[in-house]
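The values are calculated or read from the model by the stated rules, or taken from the named source; none is laboratory data. Everything numeric here is computed off the predicted structure, so don't read it as measured data. Using ideal geometry, Cβ is built from the backbone for each residue, glycine included, and neighbour counts are taken over all protein chains shown. The accessibility values were calculated without ligands, DNA or RNA, using every heavy atom of the protein model including side chains. Shrake-Rupley method; radii C 1.70, N 1.55, O 1.52, S 1.80 Å.
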Amino acid sequence: DGGAAYRARLADLVEDGRCVVCVQDGQVIFKAEIGARSDSVAQIQGVWVHPAYRSSGRGRVGTAVLVNYALALGHRTVSLYVNEFNTPARVAYEAIGFQTVGTFSTVLF
């Protein structure tokens, strides 16, 4: 659909106040959302940092802002998942207090 469904889903998250975006000089340099949630748990998804700003700390700071926002909304636990090979993201998440509590594998068939 040329990305229409993705744009619509993202628009819903923005409208619902579940998206954090950092814009610098008119360019998005960070974005992430609260996706799945319950009364007590919020899951962070869609963390993205503009390639020119990766390894600059902006992903860490932006994710920490979203975690604090989720906690302020009343979620007692904030979770996310990250690919094992994404070492820069894992380091950033650990720096703001995330801990690995489990692993899983996706099986495609």
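Any idea which of GLY35, GLY74, GLY46, GLY59 is closer than 22 Å to GLN99 by Cβ, touching a Pro at 6+ places or on another chain (Cβ under 9 Å) and in contact (Cβ under 8 Å) with a residue 12 or more places away in the chain?
Checking each option against the conditions leaves just GLY59.
Working only within segment 60-93, note down all residues that are aliphatic (A, V, I, L, M) and under 22 Å from HIS50 (Cα atoms). Full working, then the answer.
First pass over segment 60-93, keeping only residues aliphatic (A, V, I, L, M): 61, 64-67, 70-73, 78, 80, 82, 89, 91-92.
Across segment 60-93, the qualifying residues are VAL61, ALA64, VAL65, LEU66, VAL67, LEU80, VAL82, ALA89, VAL91, ALA92.
I'm trying to understand the selection: among the residues of segment 25-37, which are of a type outside the set (A, V, I, L, M) and under 17 Å from LEU66 (Cβ atoms)?
PHE30, LYS31, GLU33, GLY35, ARG37
For the structure I just gave you, tell me whether VAL14 is on the phi < 0 side of the Ramachandran plot and open to solvent by less than 80 Å² (accessible area, probe 1.4 Å).
no
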